[in-house]
1. Using DSSP, restrict attention to beta bridges with both residues in the chain and report what percent are antiparallel, rounded to the nearest 5.
2. Show me the three semi-axes of the equivalent ellipsoid for the range 149-234, from the C-alpha gyration tensor (sqrt of 5 times each eigenvalue), largest first, rounded to whole Å.
3. If you project the alpha carbons of the range 29-119 onto their three principal axes, what span does each projection cover, largest first, in Å?
4. Which label marks the calculated value of Rg/Rh (Cα atoms, Kirkwood Rh), given the options (1) 0.98; (2) 1.08; (3) 0.92?
5. By DSSP, what percent of the beta bridges with both residues in the range 140-262 are antiparallel, rounded to the nearest 5?
6. Charges only on Cβ, +1 for Lys and Arg, -1 for Asp and Glu: so what's the dipole of the chain about the Cα centre, in debye to the nearest 20?
7. Can you list the residues, at least 5 places off or on another chain, whose amide H is less than 5 Å from the amide H of I164, using H built in the peptide plane?
8. Name the residues whose placed amide hydrogens come within less than 5 Å of the amide hydrogen of K239, ignoring near sequence neighbours (fewer than 5 apart) on the same chain.
Amino acid sequence: MGIKIDGKEIAKAHREEIKRNIEEKVAKGVRKPSMVAILVGNDGGSISYMKNQQKLSESLGVKYTSIILEESITEEELLNEIKNLNEDKNVDGIILQLPLPKKFNEKLITSSINYEKDIDGLTDVNIGKLYKGEKCFIPCTAKSVIEIIKSVENNIEGKKAVIIGRSNIVGKPAAQLLLNENATVTICHSRTKNLSEVCKDADILVSAIGRPAFVTKNFVKEGAIVIDVGTTMVEGKIKGDVLYDEVIDIASLVTPVPGGVGAMTTTMLIKNTCEAWEKNV
């Protein structure tokens, strides 16, 4: 029987460190860190996510500002909004809620954010730095994955890691972060042959495909670490990619959904904001 990895407890430790760091600097006369979130339109999921960002930010001592723009604005107006935030020395971090309405060039707009304020790690500069092994802002979910793994495994070097999913915001950056820790990494996807056999060779298995209960015990090596990034709403409940009740009997450690990777993501966003703040003040 494996052990549940409690993402909430891991996040709590990071939050305590963040809050202590902010309080120490503010006590010396330094202004609080500042984050701005931009939403175009009125997507309910994004609004809910922003409320969670604001609640956690303010509890840790971070100034949080939300900018909600009408979907009718032009691309030029949105770019000007970002330009103003880029030039504002009192703004440390900028996050653009995605996806944007289809009429916008998402890649162009995302990459217009100053890479030094790109706390979601999505600009071309930060993505390039990540793959070159240079210090940069890392996409928050991928950063959460590596932080969780490192919290339970002291020596990733030489371990076989398999990532299911090749998205630019989770699968690919998570694979690169594991490579940076000298793991031997395989990325799997919808065209991978004999997927369960490939996965069953993994010491560390990360699933990020959004297919509920897809990863069964047949995918898991005995004693493996299993990280479930999937979040899919099923009959009003959030479900992960991993069939938790079955896999926990095979793996040594498993993240639950909810309460695993998702519990860390907003904390990593705020951690990135604080890193930007420390360079800016």
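Readers should treat all values here as calculations from the given coordinates under stated rules, not as data from a laboratory. A quick note: this is a predicted structure, and the numbers were derived from the prediction, not measured. Heads up, the Cβs are rebuilt from the backbone with ideal geometry, glycines too, and the neighbour counts pull from every protein chain shown.
1. On the way: 3 of 33 bridges.
Just about 10 percent of them are antiparallel.
2. Values: eigenvalues 71, 42, 33 Å².
In descending order, the three semi-axes are 19, 15, 13 Å.
3. For the range 29-119, the Cα spread along each principal axis is 43, 28, 17 Å.
4. The value computed from this structure is option (1).
5. Details: 3 of 19 bridges.
Counting only bridges with both partners in the range 140-262, antiparallel ones make up about 15 percent.
6. Working: 38 positive and 39 negative charges, 52 e Å.
Here the chain has a charge dipole of around 260 debye.
7. C188, V206, S207, A208
8. When sequence neighbours closer than 5 places are left aside, the close amide H contacts are T232, M233, V234.
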